[in-house]
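Notes for the one structure printed next.
The values are calculated or read from the model by the stated rules, or taken from the named source; none is laboratory data. From a predicted model like this one, the values you see are computed outputs, not experimental measurements. Positions of Cβ are generated from backbone atoms using ideal geometry, with glycine treated the same way; all protein chains shown enter the neighbour counts.
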Amino acid sequence: MLSDNDIKRIIEAGLDKKADYVEVYIEEHNARSVSLLNSKVIRSGSVFDSGIGIRLMSGVNTVYVYSNDFSIESLIRLASDAADSLKDSNSSVDFKLSNSVRTEPFIVVKDPLLVAKSTQVDFLREASDYALGYNPLITQVSSSLVSEDRLSRIINSKGINKEEMQSRVRLTFSTIATQGNEKQTGRVSPGWQQGYEVIENYPLKEKAKSCCDQAIRMVSAGYAPSGMMPVILCNGFGGVIFHEACGHALEATSVGIGNSCFKDKIGHQIASSCVSARDNARIKGEWGSYYTDDEGNDSSDLLLIENGICRNYLVDELGSRRMGMPVTGCSRRQDYSYAPTSRMSNTYIEAGNEKPGDIISDTEYGLYCADMGGGSVDTSTGEFNFAVNEAYIIRDGKICEPVRGATLIGKGQEVLMNIDRVADDLELAAGVCGSLSGGVPVTVGQPTIRVSKILVGGRK
């Protein structure tokens with residue numbers, strides 16, 4: 001689409017106007033999706049998009065422009081005009097375009113974009129029919145399958161010239177149980193950086209039953225109590241609290257501008273000594289994985305917290321300039337229309353040595369959170385609140401009656417310090433994270449953990 005000489009001319013157009021860094025990002029994106037409601041197809045589509053983004057920096061001043069027009073003269077003019085809005089830099093950049101390097105992609109056995117949509121519909125419909133006939137309380141069943149290929153190329157004035165192909169597939173299945181005016185939902189939404197072979201081996205009918213059971217239990221449940229109490233967070237998607245309330249505060253996006261509760265905490269204790277956490281973008285097949293970040297840097301397996309001590313931040317190019325720290329291969333963007341910034345990938349609390357059953361049996365009274373919902377976080381203070389989709393009262397060391405309407409309220413740094421038990425059952429779960437550079441695939445995770453005290457919002 002663009003020759004190496006064309007790209008060189010674009011970068012030189014920016015550098016000629018005194019930018020000290022110019023980056024060109026080229027992307028092609030193919031996606032297909034199919035959605036069912038109560039076993040009927042309600043949406044089916046395919047999308048192809050391509051574009052180019054150009055970012056220029058002078059110190060920590062930055063400008064980003066993008067276009068779908070690949071004509072070389074218009075792109076040179078775009079880069080030159082963008083550079084005019086920057087403050088002049090006194091530095092001189094000796095730029096030489098290196099040979100392109102293509103990252104080896106994660107293994108895809110069967111490209112989902114080549115699988116007939118009728119095959120995908122039949123797969124979803126079988127589970128949907130099963131759920132609709134499972135119990136009269138199940139009044140709605142939704143399912144969808146989304147697959148995409150993303151080819152990106154990153155070239156910058158540092159000499160980076162890399163290309164990577166990513167293929168992802170995500171399945172969502174949800175049920176709604178209705179009883180009177182009350183409605184409750186059961187949901188699973190796994191995702192992988194693999195091909196359609198992972199869908200063929202996924203036990204969707206078994207998961208559909210679990211969704212039905214969850215919705216039915218919760219629709220007849222009483223309300224959760226309120227007050228300060230011990231809370232046990234189930235493994236897997238329970239890790240969304242760490243991701244939102246703690247992980248974002250470790251990104252240079254907030255740390256670099258002094259808007260993080262973990263600013264200047266490298267080498268300091270920010271969590272209980274039983275807590276270690278990582279951001280590992282190199283787990284094969286995981287939803288949030290990648291080999292090359294969206295600035296062309298190699299991704300990393302980054303230790304964020306070690307036995308309670310803060311060891312690293314997630315640092316991108318702009319964050320590196322602001323903080324005087326090396327980049328960590330964590331720069332990401334939704335697509336070419338967004339400038340990249342520091343983002344998480346597969347972020348999780350590491351497994352401990354205890355058994356989940358022992359943690360539960362050693363808890364006299366508290367709340368067991370089996371499935372977390374959405375929430376909100378202020379990274380500058382760490383304050384958060386999260387809804388709990390599925391919860392149970394713990395009484396005398398046993399999981400007892402289900403309760404609904406629970407909300408967890410607190411500060412990320414306090415929760416980290418109050419984690420006193422960590423099990424050995426680490427599990428990861430797929431999600432999508434929204435931030436300055438758009439929505440990107442991420443994985444959250446943790447083993448079963450106990451927070452010794454946290455404020456639970458509910459009803460007395």
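Residues that are among the polar types (S, T, N, Q) and either buried (at least 22 other Cβ atoms within 10 Å of the Cβ) or assigned by TED's automatic domain parsing to the domain that holds P402 (or both) within region 176-193 comprise Q184, Q193, listed in sequence order.
The set of residues in region 306-338 that are within 21 Å of the chain's Cα centre (by Cα) and of a type in the set (D, E) comprises D316, E317, D335. For region 353-368, the count of residues that are within 22 Å of the chain's Cα centre (by Cα) and in the same structural domain as S273 (by TED's automatic domain parsing) is zero. For region 433-456, the candidate set comprises residues that are within 17 Å of M372 (Cβ to Cβ) and modelled with pLDDT under 95; within that set, the residue that is farthest from the chain's Cα centre (by Cα) is G434. Residues of region 22-44 that are surrounded by 14 or more Cβ atoms within 10 Å (Cβ to Cβ) and out of contact with any helix residue (DSSP H, G or I) (no Cβ under 7 Å at 6 or more places or on another chain): E23, Y25, I26, E27, E28, H29, A31, S33, S35, L37. Screening region 104-144 for residues that are part of a helix (DSSP H, G or I) and touching a helix residue (DSSP H, G or I) at 6+ places or on another chain (Cβ under 6 Å) and picking the one that is surrounded by the most Cβ atoms within 10 Å (Cβ to Cβ) gives A131. Among the residues of region 207-216, is there at least one that is over 29 Å from N38 (Cα atoms) and surrounded by 22 or more Cβ atoms within 10 Å (Cβ to Cβ)? Within region 207-216, none of the residues are over 29 Å from N38 (Cα atoms) and surrounded by 22 or more Cβ atoms within 10 Å (Cβ to Cβ). Of everything in region 296-351 that is charged (D, E, K, R) and free of Cβ contacts under 8 Å to residues at least 60 places away in the same chain, the residue that is surrounded by the fewest Cβ atoms within 10 Å (Cβ to Cβ) is D301. V432: in the same structural domain as R343 (by TED's automatic domain parsing), of a type in the set (V, I, T), crowded, with 21+ Cβ neighbours inside 10 Å and outside any loop (DSSP other than H, G, I, E, B), yes or no? In short, no.
Determine if region 48-60 includes at least one residue that is assigned by TED's automatic domain parsing to the domain that holds V169, basic (K, R), surrounded by fewer than 17 Cβ atoms within 10 Å (Cβ to Cβ) and in contact (Cβ under 8 Å) with a residue 12 or more places away in the chain. No: region 48-60 contains no residue that is assigned by TED's automatic domain parsing to the domain that holds V169, basic (K, R), surrounded by fewer than 17 Cβ atoms within 10 Å (Cβ to Cβ) and in contact (Cβ under 8 Å) with a residue 12 or more places away in the chain.
Taken as a whole, the structure leaves E427 outside the set of residues that are more than 30 Å from D293 (Cα to Cα) and either touching a strand residue (DSSP E or B) at 6+ places or on another chain (Cβ under 7 Å) or without any contact (Cβ under 8 Å) to a residue 60 or more places away in the chain (or both).
Tell me, yes or no, whether region 282-299 has at least one residue that is farther than 30 Å from F48 by Cα and in a loop (DSSP other than H, G, I, E, B). Scanning region 282-299 turns up no residue that is farther than 30 Å from F48 by Cα and in a loop (DSSP other than H, G, I, E, B).
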